[in-house]
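**Q** Before I ask anything, let me first share the structure, which is written out below as structure tokens.
The values are calculated or read from the model by the stated rules, or taken from the named source; none is laboratory data. This structure is a prediction, so every number in the text was calculated from the model and none was measured. Every residue, glycine as well, gets a Cβ built from its backbone with ideal geometry; the counts of neighbours run over all protein chains shown. Heads up: the accessible areas ignore ligands, DNA and RNA and are worked out on the full protein's heavy atoms, side chains in. Shrake-Rupley method; radii C 1.70, N 1.55, O 1.52, S 1.80 Å.
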Amino acid sequence: MSLRTAYVAFATKAEPALTVAGKLAIPSAETKVPAVILCHGSDGVDGRGEFYRPALNAAGIATLEIDMWAARGSARGAAARPRSPIETLPDAFAAKRFLAEQPEIDAARIGIMGFSWGAVVTLLSATPGALARFGDGQGAFKAHMANYPVVWAYETVPGLSLAELTGAPILIQCGDADTYDDPDGLDQLMARLPEASRNVIRGVTYPGAGHGFDRDLPAQTINDPFAHKGKGGPVVMEFNPGAATASRDACVTFFSETL
């Protein structure tokens, strides 16, 4: 398979407008291909997107991994990130518009996935409110995949709600050792949601997996005020090979079926 890669930049519709950079990878094909936007976590672009990118490209899906921190001059980590993932929603919709303008991309088949902070962006981009506020006339994303998106926060923290969704399929993947949430946090979230939302969400919880289970780097302890269900405190991010491989396989299957 041949692959065209490029480092790109595009403007957001935010006020003030920002220029977001990203890495675009498009597999060669005789017809237009679907695409997935990759959104990093609080630690910035750290290899998690690259863990999934080759498998998605091999399945004939283009990828665009965006850097939300560089556009804001933000350092990596919880202490330097913006106040809310809502502030970075314009980045996701600007990336979607950029992809739709590429001649190799099928504008009707663009999905989004993210990790932690980027997973929150991914889920919020599935809401009609975000589409109306930041979509600038675009259609909805075709599919959404969120890895460990701090599930205790939805229907709890103002502005974070999945009670109304666009109807696009959603895959949420968590680990039962994630110290942001309870071991059954994903089940608790599903119980809080109305039936219409539950009908479009598929949830997977990996035993023994913690936050950042697909981060193939040395283990790292971070401190985040959103951890421990909002009480704050330390979180161990450690690669879990079994959960990571299963997540990558699920990612390719999910987007191959929905895009």
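**Q** For Glu65, indicate whether it is charged (D, E, K, R) and out of contact with any Leu (no Cβ under 8 Å at 6 or more places or on another chain).
**A** So Glu65 does not fit the description; no.
**Q** Pairs needed: first member in the range 97-125, within 13 Å of Met68 (Cβ to Cβ); second member anywhere, among the basic types (Lys, Arg) and modelled with pLDDT of 95 or more; C-beta distance under 8 Å; at least 6 residues apart or different chains.
**A** Ile112/Lys96; Phe115/Arg48; Phe115/Arg215
**Q** Of all residues in the range 151-167 being in a loop (DSSP other than H, G, I, E, B) and open to solvent by less than 10 Å² (accessible area, probe 1.4 Å), which is nearest to Lys229 (Cα to Cα)?
**A** In this case the residue turns out to be Tyr154.
**Q** Here's another thing I want to ask about it. Is it the case, given these coordinates, that Thr179 is in a loop (DSSP other than H, G, I, E, B), under 23 Å from Leu160 (Cβ atoms), at pLDDT 95 or above and open to solvent by 50 Å² or more (accessible area, probe 1.4 Å)? Steps first, answer last, please.
**A** Details: in a loop (DSSP other than H, G, I, E, B): yes; under 23 Å from Leu160 (Cβ atoms): yes; at pLDDT 95 or above: yes; open to solvent by 50 Å² or more (accessible area, probe 1.4 Å): yes.
Taking the combined requirement at face value, the residue satisfies it.
**Q** Also, quick follow-up: Can you tell me which residue within the range 7-30, out of those that are open to solvent by 30 Å² or more (accessible area, probe 1.4 Å) and either of a type in the set (A, V, I, L, M, F, W, C) or modelled with pLDDT of 95 or more (or both), is nearest to Glu104 (Cα to Cα)? Walk me through it before giving the result.
**A** Start the filter on the range 7-30 by keeping residues that are open to solvent by 30 Å² or more (accessible area, probe 1.4 Å), which leaves 7, 9, 11, 13, 15-19, 21, 23, 28-30.
Now restrict to residues that are either of a type in the set (A, V, I, L, M, F, W, C) or modelled with pLDDT of 95 or more (or both): 7, 9, 11, 17-18, 21, 23, 29.
Working: Tyr7: 16, Ala9: 17, Ala11: 20, Ala17: 26, Leu18: 25, Ala21: 19, Lys23: 15, Ala29: 8 Å.
Ranking the qualifying residues of the range 7-30, first place goes to Ala29.
**Q** Right, another one. Just to be sure I understand the filter: pairs with C-beta atoms under 6 Å, separated by 6 or more residues or on different chains, first member in the range 37-48 and among the charged types (D, E, K, R), second member open to solvent by less than 10 Å² (accessible area, probe 1.4 Å). Which pairs pass?
**A** From residues that are among the charged types (D, E, K, R), the pairs are Arg48/Phe115; Arg48/Asp214.
**Q** Next up: Please enumerate the residues belonging to the range 104-149 that are open to solvent by 40 Å² or more (accessible area, probe 1.4 Å) and under 18 Å from Glu50 (Cβ atoms).
**A** Correct list: empty.
**Q** On the given criteria, is Ile37 in contact with a Lys or Arg (Cβ under 7 Å, 6 or more places away or on another chain), within 20 Å of Ala130 (Cα to Cα) and surrounded by 22 or more Cβ atoms within 10 Å (Cβ to Cβ)?
**A** yes
**Q** Can you tell me which of Ser247, Ser197 is assigned to a helix (DSSP H, G or I) and farther than 24 Å from Ile61 by Cβ?
**A** Ser197
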